[in-house]
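Engineer: Here you go, one structure.
The values are calculated or read from the model by the stated rules, or taken from the named source; none is laboratory data. Model, not experiment: these values are computed from the prediction. Don't worry about glycine lacking a Cβ; one is built from the backbone with ideal geometry, like all the others, and counts go over all protein chains shown.
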Amino acid sequence: MTDPQLVLAERVQQALGTAFGQEHAGADPLIRPSQFADYQANVALSLAKRLRRAPREVAQAIADALDADDVFAGVEVSGPGFLNITLRDDWIAAQARQTLDDPRGGVGLTTPPQTVVVDYSAPNAAKEMHVGHLRTTIVGDSLVRMLEHLGNHVVRQNHLGDWGTQFGMLIEYLLVIGEANALARLEAGENNEFYQEARAKFDSDPEFKERSRRRVSTLQGGDPETLRLWHLFMDATIRYFNKVYATLGITLTDDHIAGESMYNPMLAETCDDLEASGVAVISEGALCVFPPGFKGTDDKPLPLIIRKSDGGYGYATTDMAAMRYRVRDLKADRILYVVGADQALHFQMVFAAARQAGWLTDDVSAEHIQIGMMLGSDGRRFRTRSGQSVKLTDLLDEAVERASAAIADRGYDEATRAEIARTVGIGAVKYADLSVSHDSEYIFDFDRMLAFNGNTGPYMQYATARIRSIFRKGGVEPSEATGPITLGERAERDLALQLLGFGSVVENAAAAAEPHRVCAYLFETASAFTTFYEKCPVLKDDVDPAMRASRLALCALTLRVLQTGLNLLGVPVPDRM
Ligand code: ARG
């Protein structure tokens, strides 16, 4: 354990036990960063209330009982009863060295590991894959990477919208324009146009409408030829999704596809079960669950409709079946739904209904990780200038082109420039999605995400490239930075202390499902490194060999933390920039 906050917490708890008896040793020591020391522990204030004693006296008793001379350089009671704690420089230095030698770089393992189902990306085959799906894809993939890095068993589920009554019409339209033509268009990402054309024909051509209707029944009836056409349609569409995933470096593969169609064979049973147990009741011909506490605008109980009055199943039916499957078959301990914030009510109701049914128990945590809407510069839903929705591959191409223009004057040969531009452009888009809290709306702004300053992808990538260049200039590899660390300058100490917090940040970010915490931490780390590098020469001639070795080790640890962090975010790291 190298994270100072955890070490501190443990030592303060020991002192609580010593001073006030074991029954108080479990209290949260309330460790916070401090303006006046490295940290402060605020537990004396709350404990004093319980013990009916003076807070400063309680704080002093904790200070006296602290057995931590190996870790603390000073402990002081201040203000109404805070304990200000300063760490020993040699302790910080030793922890930093140990972290650099640790193959896991100070990131622990979740014990026991959990089975975490992560439902993310989930574009719809009948509509365009839009910028909103980009965000759930990027945020979800980062959560998956973090959870896996912490040793959990992660099950990715791409809940594709690949089923529904529209498919009758889509298959008929595929036949109208010809298989080859249709598939080429779908593979190019023209799902939305395809859908709109099909819809127009459906609305204007009664004969086509009738054929589409019949096609829905043959599809649902499992007619082999209709299923073959459906597969063709889906395969071409998935090829487009996979193109977007490959460009973005997303870890989803065909193995993770668990689309709505997968649940078809379970829907009838799902409804029967809910009806038999009395959780679902017939209301106005439809089978509904009325989870307690949900009211409509008319103050009437709000139904979650799981079978329509015409016998058809819907989005909610599929999600109920998926919940049961994820708990029973996948044996999930935790299920994350990384989906747009506008579906909040749907998931609240599904979770409540699943609890009523006993499918979701207290041992399983179901969480809707709400994704805020992506806005255009006009503050409205993101669209192109002509009001069309934006095709994702075009959007990503533009990011790469802009990144290429931004590095035009750096004298790279064409291949190197193209490679760096790709890394920077894609990294910028991804980092922008991750660096703000996932539930806030935000404005898609190329200029801002591609800025080389501030909490941006390019800045973070540049910070790693700069450290690499220090090693290149010094003629050593980061792995050769094996010397002991000593901390003299304030900036060295600040950087080392900052680096020791990495493990906790990753753990907390995964627990809260908030990748932006990692971004904020990495940004602080890069800033601490900048100050260090301004104040503490590494390669200059007058730096003595021991100091040079120590500073190189700090550079190596910084590089390791930044790289690991960016990797967990899924942001690519260039060698040079
Ligand atoms: N396909 C849906 C959409 O684009 C998202 C599916 C999310 N997952 C789920 N289990 N409902 O809105």
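Residue-by-condition table, conditions (1) more than 30 Å from residue 154 (Cα to Cα); (2) among the hydroxyl-bearing types (Ser, Thr, Tyr); (3) free of Cβ contacts under 8 Å to residues at least 40 places away in the same chain; (4) in contact with a Ser or Thr (Cβ under 6 Å, 6 or more places away or on another chain):
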site: 231; (1), (2), (3), (4): no, no, yes, no
site: 276; (1), (2), (3), (4): yes, no, yes, no
site: 286; (1), (2), (3), (4): yes, no, yes, yes
site: 313; (1), (2), (3), (4): no, yes, no, no
site: 316; (1), (2), (3), (4): no, no, yes, no
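Engineer: Identify all residues within region 321-376 that are closer than 30 Å to residue 445 by Cα, crowded, with 22+ Cβ neighbours inside 10 Å and without any contact (Cβ under 8 Å) to a residue 40 or more places away in the chain; write none if there are none.
Structural biologist: 368
Engineer: Could you tell me which of the residues 559, 566 is outside any loop (DSSP other than H, G, I, E, B), under 17 Å from the mean Cα position of the chain (by Cα) and crowded, with 19+ Cβ neighbours inside 10 Å?
Structural biologist: Values: 559 fails: under 17 Å from the mean Cα position of the chain (by Cα).
Going through 559, 566 in turn, just one is outside any loop (DSSP other than H, G, I, E, B), under 17 Å from the mean Cα position of the chain (by Cα) and crowded, with 19+ Cβ neighbours inside 10 Å: 566.
Engineer: From the list 546, 553, which residue is farther than 20 Å from residue 146 by Cβ, surrounded by fewer than 19 Cβ atoms within 10 Å (Cβ to Cβ) and modelled with pLDDT of 95 or more? Spell out the reasoning first.
Structural biologist: Values: 553 fails: surrounded by fewer than 19 Cβ atoms within 10 Å (Cβ to Cβ).
Within the list 546, 553, the selection yields 546.
Engineer: For region 472-497, enumerate the residues that are touching a Cys at 6+ places or on another chain (Cβ under 8 Å), in a helix (DSSP H, G or I) and within 17 Å of residue 105 (Cβ to Cβ).
Structural biologist: 478
Engineer: Another question, then. Mind listing whichever residues of region 353-368 are in contact with a Phe, Trp or Tyr (Cβ under 7 Å, 6 or more places away or on another chain) and either more than 13 Å from the ligand (Cβ to nearest atom) or among the hydroxyl-bearing types (Ser, Thr, Tyr) (or both)?
Structural biologist: 360
Engineer: Let me ask you something else. Considering 441, 414, which residue is loosely packed, with under 15 Cβ neighbours inside 10 Å and in contact with a strand residue (DSSP E or B) (Cβ under 7 Å, 6 or more places away or on another chain)? Spell out the reasoning first.
Structural biologist: Details: 414 fails: in contact with a strand residue (DSSP E or B) (Cβ under 7 Å, 6 or more places away or on another chain).
Going through 441, 414 in turn, the sole match is 441.
Engineer: Continuing with the same structure: So which pairs qualify, if the first residue must be in region 392-403 and modelled with pLDDT of 95 or more, the second must be not in a helix (DSSP H, G or I), the Cβ gap must be under 7 Å, and the two must be at least 6 apart or on different chains?
Structural biologist: 402/450; 403/450
Residue-wise test of (1) within 17 Å of residue 339 (Cβ to Cβ); (2) of a type in the set (Val, Ile, Thr); (3) in contact with a Ser or Thr (Cβ under 8 Å, 6 or more places away or on another chain).
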| position | (1), (2), (3) |
| --- | --- |
| 136 | yes, yes, yes |
| 148 | no, no, no |
| 155 | yes, yes, yes |
| 158 | yes, no, yes |
| 167 | no, no, no |
| 174 | no, no, no |
| 182 | no, no, no |
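Residue by residue, here is whether (1) out of contact with any Leu (no Cβ under 8 Å at 6 or more places or on another chain); (2) within 14 Å of the ligand (Cβ to nearest atom); (3) under 19 Å from residue 359 (Cα atoms) holds:
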{"site": "230", "(1), (2), (3)": "no, no, no"}
{"site": "243", "(1), (2), (3)": "yes, no, no"}
{"site": "247", "(1), (2), (3)": "no, no, no"}
{"site": "251", "(1), (2), (3)": "yes, no, no"}
{"site": "255", "(1), (2), (3)": "yes, no, no"}
{"site": "265", "(1), (2), (3)": "yes, no, yes"}
{"site": "268", "(1), (2), (3)": "yes, no, yes"}
{"site": "273", "(1), (2), (3)": "yes, no, yes"}
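Engineer: Let me ask something else. Kindly establish whether residue 147 is surrounded by 23 or more Cβ atoms within 10 Å (Cβ to Cβ), within 16 Å of the ligand (Cβ to nearest atom) and within 30 Å of residue 8 (Cα to Cα).
Structural biologist: When the stated conditions are applied, residue 147 does not pass them.
Engineer: Scan region 84-99 for residues that are over 27 Å from residue 563 (Cα atoms) and either among the β-branched types (Val, Ile, Thr) or within 16 Å of the ligand (Cβ to nearest atom) (or both) and jot them down.
Structural biologist: Residues satisfying the conditions are 85, 86.
Engineer: Continuing with the same structure: Go through (1) more than 29 Å from residue 331 (Cα to Cα); (2) in contact with a Leu (Cβ under 7 Å, 6 or more places away or on another chain); (3) surrounded by 18 or more Cβ atoms within 10 Å (Cβ to Cβ) and name the single condition residue 259 misses.
Structural biologist: Going through (1) more than 29 Å from residue 331 (Cα to Cα); (2) in contact with a Leu (Cβ under 7 Å, 6 or more places away or on another chain); (3) surrounded by 18 or more Cβ atoms within 10 Å (Cβ to Cβ) one by one, residue 259 breaks only (1).
Engineer: Restricting to helices (runs of 4 or more DSSP H) lying wholly in region 381-463: which have 1 or more residues that are among the β-branched types (Val, Ile, Thr)? Don't jump to the end; show me each part of the working.
Structural biologist: Details: elements: 392-406, 414-435, 446-449.
The helices (runs of 4 or more DSSP H) meeting that bar are 392-406, 414-435.
Engineer: Just to be sure, is residue 253 of a type in the set (Val, Ile, Thr), without any contact (Cβ under 8 Å) to a residue 40 or more places away in the chain and out of contact with any Asp or Glu (no Cβ under 6 Å at 6 or more places or on another chain)?
Structural biologist: Working: of a type in the set (Val, Ile, Thr): yes; without any contact (Cβ under 8 Å) to a residue 40 or more places away in the chain: yes; out of contact with any Asp or Glu (no Cβ under 6 Å at 6 or more places or on another chain): yes.
Criteria met by residue 253.
Engineer: Examine region 371-380 for a residue that is at pLDDT 90 or above, within 16 Å of the ligand (Cβ to nearest atom), over 21 Å from residue 127 (Cα atoms) and assigned to a loop (DSSP other than H, G, I, E, B), and state whether such a residue exists.
Structural biologist: no
Engineer: Taking residue 305 and the conditions (1) assigned to a strand (DSSP E or B); (2) within 13 Å of the ligand (Cβ to nearest atom), which numbered condition does it fall short on, given that it satisfies the others?
Structural biologist: That leaves (2) as the condition not met.
Engineer: Can I ask one more? Could you count how many residues in region 191-219 are within 39 Å of the chain's Cα centre (by Cα) and free of Cβ contacts under 8 Å to residues at least 40 places away in the same chain? It would help to see each step written out before you state the result.
Structural biologist: Taking region 191-219 and keeping what is within 39 Å of the chain's Cα centre (by Cα), we get 191-200, 216, 219.
In the following step, the residues that additionally are free of Cβ contacts under 8 Å to residues at least 40 places away in the same chain were identified as 193-194, 196-200.
Within region 191-219, residues that are within 39 Å of the chain's Cα centre (by Cα) and free of Cβ contacts under 8 Å to residues at least 40 places away in the same chain number 7.
Engineer: I'd like to know if region 534-554 contains one or more residues that are within 32 Å of the chain's Cα centre (by Cα) and within 26 Å of residue 430 (Cβ to Cβ).
Structural biologist: No: region 534-554 contains no residue that is within 32 Å of the chain's Cα centre (by Cα) and within 26 Å of residue 430 (Cβ to Cβ).
Engineer: Another question about this same structure. Could you please find all residues in region 123-140 being surrounded by 24 or more Cβ atoms within 10 Å (Cβ to Cβ) and small (Gly, Ala, Ser)?
Structural biologist: Listed by number, the residues that qualify are 125, 140.
Engineer: Residues that are within 16 Å of the ligand (Cβ to nearest atom) and touching a helix residue (DSSP H, G or I) at 6+ places or on another chain (Cβ under 8 Å): does region 100-117 have at least one?
Structural biologist: To start, the set of residues in region 100-117 that are within 16 Å of the ligand (Cβ to nearest atom) comprises 116-117.
Now drop any that are not touching a helix residue (DSSP H, G or I) at 6+ places or on another chain (Cβ under 8 Å), which leaves 116-117.
Yes, region 100-117 contains at least one residue that is within 16 Å of the ligand (Cβ to nearest atom) and touching a helix residue (DSSP H, G or I) at 6+ places or on another chain (Cβ under 8 Å).
Engineer: Only residues that are among the acidic types (Asp, Glu) and either at positive phi or surrounded by 21 or more Cβ atoms within 10 Å (Cβ to Cβ) (or both): list them for region 152-189, please. Explain how you work it out, then say what you get.
Structural biologist: So the first thing to find is which residues in region 152-189 are among the acidic types (Asp, Glu), and the list is 162, 172, 179, 187.
Selection gives 162, 172.
Engineer: Another question, then. Is there a residue in region 86-109 that is surrounded by 14 or more Cβ atoms within 10 Å (Cβ to Cβ), on the phi < 0 side of the Ramachandran plot, β-branched (Val, Ile, Thr) and over 39 Å from the mean Cα position of the chain (by Cα)?
Structural biologist: no
Engineer: Suppose we keep only residues that are touching a helix residue (DSSP H, G or I) at 6+ places or on another chain (Cβ under 8 Å) and of a type in the set (S, T, N, Q) within region 310-344. Which one would you say is nearest to the ligand (Cβ to nearest atom)?
Structural biologist: Only one residue tops the list, namely 318.
Engineer: If you go through region 143-155 one residue at a time, do you hit one that is modelled with pLDDT under 95, in contact with a helix residue (DSSP H, G or I) (Cβ under 9 Å, 6 or more places away or on another chain) and not charged (D, E, K, R)?
Structural biologist: Within region 143-155, the first condition is being modelled with pLDDT under 95, and the residues that meet it are none.
Scanning region 143-155 turns up no residue that is modelled with pLDDT under 95, in contact with a helix residue (DSSP H, G or I) (Cβ under 9 Å, 6 or more places away or on another chain) and not charged (D, E, K, R).
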